[in-house]
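Chemist: Following this message is one structure expressed as structure tokens.
The values are calculated or read from the model by the stated rules, or taken from the named source; none is laboratory data. Keep in mind the model is a prediction, meaning the values are calculated, not measured. Here the Cβ positions follow ideal geometry from the backbone for every residue, glycine too, while neighbour counts run over all protein chains shown.
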Amino acid sequence: MTALRPAALLALPLLVLALAACSPGEASGSPDATPLATTAAPDDAAAGAGAADDCAGVAVIVDTGDLDAASAAEVEACIEADGPVIAADVLAEAGVETEGTVEWGDQVVCRVNGEPAESTTIVAADGTEYHETCESMPAAFAYWALWHRPVGGEWGYAQEGLATLELQPGDAIELLFTLNDAPASPDA
């Protein structure tokens with residue numbers, strides 16, 4: 001059996017996410033059937049993991065991790081939901097903008113709220129410099145990971161893409177920029 005190189009192991013979650021987004025199937029909820037309300041006022045949400053814990057709707061977190069990014073790219077919001085909702089709709093309601101790649105479209109998240117910009121220099125652990133062009137799959141050492149925490153559960157890599165991931169009231173999602181294996185997962 002052939003051993004996987006570390007770079008291949010790092011790219012595996014992205015491939016799973018991309019393939020899951022390609023899978024056929026209809027989500028049971030729709031924006032018309034379960035309309036989203038507005039983002040909770042900042043005073044209504046606690047910082048960090050507490051915001052996700054205190055949200056009766058769907059908690060949305062964008063964490064740029066170690067990426068040298070504008071603080072405006074980070075988001076913590078609680079989106080009201082009284083039934084199933086699709087992750088892409090929740091992100092849109094929270095004002096989170098995602099950009100896909102030329103090759104994979106919206107099935108792979110390349111930028112979140114404009115980050116990382118193509119002009120941003122991303123430095124790999126070995127010192128090489130990289131600029132994200134969003135042409136194809138992002139680098140295995142510098143990518144946006146989609147995490148999901150079901151109500152009462154633990155954080156884990158999302159098993160579906162934004163267009164098909166169905167969320168329930170009390171769930172949380174996080175787009176976390178992972179650079180050189182850090183952070184390895186959302187703060188729990």
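Chemist: I'm trying to understand the selection: among the residues of region 155-184, which are under 19 Å from P116 (Cα atoms) and polar (S, T, N, Q)?
Modeler: Result: T178, N180.
Chemist: Would you pick out the residues in region 111-169 that are at positive phi and either of a type in the set (K, R) or exposed (fewer than 13 other Cβ atoms within 10 Å of the Cβ) (or both)?
Modeler: G127, G152, listed by residue number.
Chemist: Also: Which condition from (1) in contact with a Leu (Cβ under 6 Å, 6 or more places away or on another chain); (2) within 19 Å of A70 (Cα to Cα); (3) aliphatic (A, V, I, L, M) is the one that V85 breaks?
Modeler: Against the list (1) in contact with a Leu (Cβ under 6 Å, 6 or more places away or on another chain); (2) within 19 Å of A70 (Cα to Cα); (3) aliphatic (A, V, I, L, M), V85 comes up short only on (2).
Chemist: Taking region 149-187 on its own, how many of its residues are in a loop (DSSP other than H, G, I, E, B), touching a residue at least 60 places away in the same chain (Cβ under 8 Å) and under 20 Å from A81 (Cα atoms)?
Modeler: 11
Chemist: Given T128, T164, which one is farther than 20 Å from G57 by Cα and among the polar types (S, T, N, Q)?
Modeler: T128
Chemist: A further question follows. So which of A81, A69 is at pLDDT below 95, touching a Pro at 6+ places or on another chain (Cβ under 7 Å) and either among the hydrophobic types (A, V, I, L, M, F, W, C) or in a strand (DSSP E or B) (or both)?
Modeler: A69
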